[in-house]
1. As an exercise: evaluate Asp102 against (1) among the acidic types (Asp, Glu); (2) surrounded by fewer than 19 Cβ atoms within 10 Å (Cβ to Cβ); (3) away from ligand 2 (no atom under 16 Å from the Cβ) and give the number of the one condition it does not meet.
2. In the range 126-204, which helices (runs of 4 or more DSSP H) lie fully inside it and hold 1 or more residues that are closer than 19 Å to Thr9 by Cβ and of a type in the set (Asp, Glu)?
3. Scan the range 218-272 residue by residue and report those that are within 16 Å of ligand 1 (Cβ to nearest atom) and on the phi > 0 side of the Ramachandran plot.
4. Mind checking which helices (runs of 4 or more DSSP H) fall wholly inside the range 232-308 and carry at least 2 residues that are within 16 Å of ligand 2 (Cβ to nearest atom)?
5. List every residue pair whose Cβ atoms lie under 8 Å apart, where the two residues are 6 or more positions apart in sequence or sit on different chains, the first residue falls within the range 249-277 and is among the hydroxyl-bearing types (Ser, Thr, Tyr), and the second residue, located anywhere, is more than 16 Å from ligand 1 (Cβ to nearest atom).
6. Does any residue of the range 101-112 turn out to be β-branched (Val, Ile, Thr), modelled with pLDDT of 95 or more, assigned to a strand (DSSP E or B) and touching a Lys or Arg at 6+ places or on another chain (Cβ under 7 Å)?
7. Between Gln176, Gln188, which is closer than 29 Å to Glu53 by Cα, crowded, with 17+ Cβ neighbours inside 10 Å and touching a residue at least 40 places away in the same chain (Cβ under 8 Å)?
8. Among (1) surrounded by 13 or more Cβ atoms within 10 Å (Cβ to Cβ); (2) outside any loop (DSSP other than H, G, I, E, B), which single condition is Val123 missing?
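The values are calculated or read from the model by the stated rules, or taken from the named source; none is laboratory data. Not measured: the values here are computed from a predicted model. Glycine also receives a Cβ, built like all others from the backbone with ideal geometry; neighbour counts cover every protein chain displayed.
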Amino acid sequence: MNHFLDIHTTDKSQLRAIIEQARAMKTARDGQPKATPDVEQPLANHMVALIFEKPSTRTRVSFDVGVRQMGGQTMVLSGNDMQLGHGETIADTARVLSRYVDLIMIRTFDETVLHEMAEYADVPVINGLTDRTHPCQIMADVMTYEEHRGPIAGKKVVWSGDGNNVCASFLHAAAQFGFDLTFTGPVQLDPEMEFVGLARNAGVSVTIERDPDKAVEGADLVVTDTWVSMHDAQSARERRHNMLRPYQVNADLMAKAKPDALFMHCLPAHRGEEVTSEVMDGPNSVIWDEAENRLHAQKAIMRWCVGK
Ligand code: CP
Ligand code: NVA
């Protein structure tokens, strides 16, 4: 049994195996209607709990569909509706859920909730996003990059904007998959230095460049995310917008990257804020493939978790 808690805490060769399996499973069901069961049914007789303490479209639907394609069953639970949101400890919740389900995916605020769930559950636990990281997303992103451009190792990825939870998992992936990462954004929103250090210690280059035009020079991939994450205070909205406006990914900025540079965004996007529609809908954007690959990557993650 394996927990999938973060990219930097999962073995490099296992991460690579997950991506390869995701790719094979995607190819195997090419063009099939969405509800067609996979030929292999690794989650047959498995019950999966999907717990959301924050909103979600992609994570919720892709996990649910993925489990069903692999022969399992799901229950989608809102943290608020559970006793979890009303004082029952995480440890007790984990012990109880382990008697009913075979796998738990949780999206929560503080990552200590995720870690406590994993510590006390007898079944695998998957990180479906915390305030600090979003590993499933970046597994899909690596898969998407490689589908379009081949190996990501040695490539230059530029993160423009807020050094948030998605950026953190990109730093972890830089360390594990061997690509360089340039962060461009305001100093107040730098990624966590612990994660920058972790990537540098792994031997990849992490550059912090305040000028977005300089940052994207030679970029193979440009990535951004919302300026106000679910865990950010709405009262900080205007201040964050003012700080982040110079880091909008628009056609002018993309023109300074390599001509074949890809554009990614985990979505949901705010058109006209962190990215323009011209870029989102433009020829270098792979955002819909990225969203689709959440499904395939997570199916492979779930298989790895249950050892099937
Ligand atoms: N990218 C992502 O995790 O989207 P949702 O918040 O819709 O799940
Ligand atoms: N950084 C965003 C990602 C959403 C998928 C958030 O945490 O709200």
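1. (2)
2. Result: 135-149, 193-201.
3. Leu267 - this is the single residue of the range 218-272 that is within 16 Å of ligand 1 (Cβ to nearest atom) and on the phi > 0 side of the Ramachandran plot.
4. Details: elements: 237-244, 251-254, 277-280, 287-306.
Qualifying helices (runs of 4 or more DSSP H): 237-244, 287-306.
5. That search, which allows pairs on different chains as well, returns Thr276/Gln248; Thr276/Val249; Thr276/Asn250; Thr276/Ala251.
6. At the first step, the residues of the range 101-112 found to be β-branched (Val, Ile, Thr) are 101, 104, 106, 108, 112.
With the extra rule that they be modelled with pLDDT of 95 or more, the set shrinks to 101, 104, 106, 108, 112.
Within this subset, residues satisfying the condition of being assigned to a strand (DSSP E or B) are 104, 106.
Of the ones still in play, those that are also touching a Lys or Arg at 6+ places or on another chain (Cβ under 7 Å) are none.
For the range 101-112, residues β-branched (Val, Ile, Thr), modelled with pLDDT of 95 or more, assigned to a strand (DSSP E or B) and touching a Lys or Arg at 6+ places or on another chain (Cβ under 7 Å): absent.
7. Values: Gln188 fails: crowded, with 17+ Cβ neighbours inside 10 Å.
Result of the check over Gln176, Gln188: Gln176.
8. Of the numbered conditions (1) surrounded by 13 or more Cβ atoms within 10 Å (Cβ to Cβ); (2) outside any loop (DSSP other than H, G, I, E, B), the odd one out for Val123 is (2).
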